[in-house]
Amino acid sequence: FQKKTANGNAALFTDELGRQQARETYLKEALVHAIENNQIRLVYQPIIDSKTNQPESMEALMRWQLGNENISPAEFIPIAEQYGLIKQLGAWALHQGCEEARQWQIHASLALSVNASVKQLQDDDFMQIIDSALASSGLAPEKLHIEVTESVFAADKEKLVEKILAIKARNVQVSIDDFGTEYSSLSVIQQLAADTVKIDKTFVSSLATSGYPIVKAVVNIAQALDYKVVAEGVETKEQALKLAEMGVQYLQGFYFARPMETVQLDKYLREL
Ligand code: C2E
Ligand code: MG
Ligand code: MG
Ligand code: MG
């Protein structure tokens with residue numbers, strides 16, 4: 001009986017791995033095609049200043065519709081990283097985002113936040129890609145923010161800190177995304193000299209319980225080290241009010257706005 005169970009599990013396990021591998025290979029092929037044929041697009045979610053209730057910036061988030069299926073960036077970004085596609089994809093997002101953000105300036109002085117993965121930061125051409133996106137769009141460097149997750153700093157710390165400094169030397173701002181989810185959080189915020197920390201949505205959703213002391217601590221540290229604080233994943237009015245009361249100046253989440261397609265964004269900007 002024992003043996004049979006063990007074999008059964010092993011077979012299941014292999015099966016599951018095989019399925020995952022097959023999907024990954026399929027997505028990788030499709031992604032190459034999607035990049036070549038401009039089938040990836042950006043949507044934008046506002047980051048709201050809780051003092052004025054006005055957007056301060058917009059975060060660009062990639063979207064990919066493959067047939068009837070929307071593939072989440074949480075699934076395809078890791079594939080892009082693994083198969084050497086992230087450089088091209090990331091460069092596209094920077095160019096496209098800057099181009100669109102330049103247009104927004106007609107309506108409001110909004111910044112653009114673009115996510116970058118560790119692979120992009122490690123690339124020797126990253127600074128050139130930023131420079132070229134800024135130059136070709138004409139967007140002011142102050143209006144560009146780069147979001148990096150704190151896990152970025154697990155490996156190769158010195159090099160990445162240097163990169164952050166090079167980004168900042170251009171007057172481009174740096175945000176630490178998903179803050180609090182890695183054990184290294186506190187040392188990272190101190191070593192980095194970035195501009196903004198984005199408190200991860202897990203702490204916002206648990207604000208009534210275990211999230212509270214974490215948010216409180218992050219706000220204190222941020223104040224001491226002169227960081228701006230954004231709370232991600234704000235879904236209710238109660239959370240928004242509580243966070244503002246706790247001293248979190250910037251709020252982002254479905255309560256304020258979902259990530260917007262171009263048409264919705266145009267309307268949103270015109271009504272500001
Ligand atoms: P992120 O940068 O931390 O982005 C926040 C995610 O939370 C987004 O998911 C957003 O749609 C979602 N979100 C916003 N407000 C709420 C809310 O109130 N409640 C909940 N439950 N979720 C909310 P999305 O768009 O699926 O992106 C997932 C992740 O994929 C991003 O996390 C980011 O790490 C990565 N990603 C997306 N676009 C890019 C990109 O252009 N480049 C890179 N390197 N990574 C990207
Ligand atoms: Mg982000
Ligand atoms: Mg995040
Ligand atoms: Mg994330």
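Every read-out reported here was derived from the displayed coordinates using simple, explicitly stated rules and does not represent laboratory data. No experiment lies behind these values; they were computed from the predicted model shown. Glycine also receives a Cβ, built like all others from the backbone with ideal geometry; neighbour counts cover every protein chain displayed.
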Original post:
So how far apart, in nm, are the two label points at residue 156 and residue 95 if each is 7 Å from Cα heading toward Cβ?
Top reply: 2.3
Original post:
Counting other C-beta atoms within 10 Å, which of 188, 148, 32 has the fewest, and how do the rest follow?
Top reply: 32, 188, 148
Original post:
Taking other Cβ within 10 Å of each residue's Cβ, how do 76, 254 sort, fewest first?
Top reply: 254, 76
Original post:
lysines within cross-link reach of residue 87: Cα-Cα under 25 Å, excluding same-chain residues under 8 positions apart?
Top reply: 28, 119, 143, 157, 159, 163, 168, 198
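Can you pull the Kirkwood radius for segment 16-61, inverse mean 1/r over Cα pairs, to one decimal in Å?
For segment 16-61, the Kirkwood estimate is 13.6 Å.
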Original post:
If one puts a single equal scatterer on every Cα of the chain and applies the Debye formula without solvent, what log₁₀ I(q)/I(0) results at q = 0.07, 0.15, 0.16 Å⁻¹?
Top reply: -0.28, -1.18, -1.31
**OP:** With N set to the residue count of segment 46-117, report its C-alpha Rg divided by 2.2 N^0.38 Å to two decimal places.
**Re:** 1.30
Original post:
To the nearest 500 deg cm²/dmol, what mean residue ellipticity at 222 nm is calculated for the chain from DSSP H runs of n ≥ 4 alone, each contributing -39,500 (n - 2.57), summed and divided by the residues?
Top reply: -16000 deg cm²/dmol
Subject >> DSSP beta bridge pairing in segment 76-187, given as percent antiparallel to the nearest 5 >> reply: 0
**OP:** Report P(r) for segment 1-148: all Cα-Cα distances, bin width 5 Å, range 0 to the bin holding the largest distance, values in whole percent.
**Re:** 2, 8, 16, 17, 15, 12, 9, 6, 4, 3, 3, 2, 1, 0, 0
Original post:
According to the square roots a ≥ b ≥ c of the eigenvalues of the Cα gyration tensor, what is the shape class of segment 88-147, taking rounded for a/c under 1.5, prolate for a/b larger than b/c otherwise, and oblate for the remainder?
Top reply: prolate
**OP:** Taking the Cβ of each residue in 124, 15 as the centre, tally the other Cβ atoms inside 10 Å and list the residues starting with the fewest.
**Re:** 124, 15
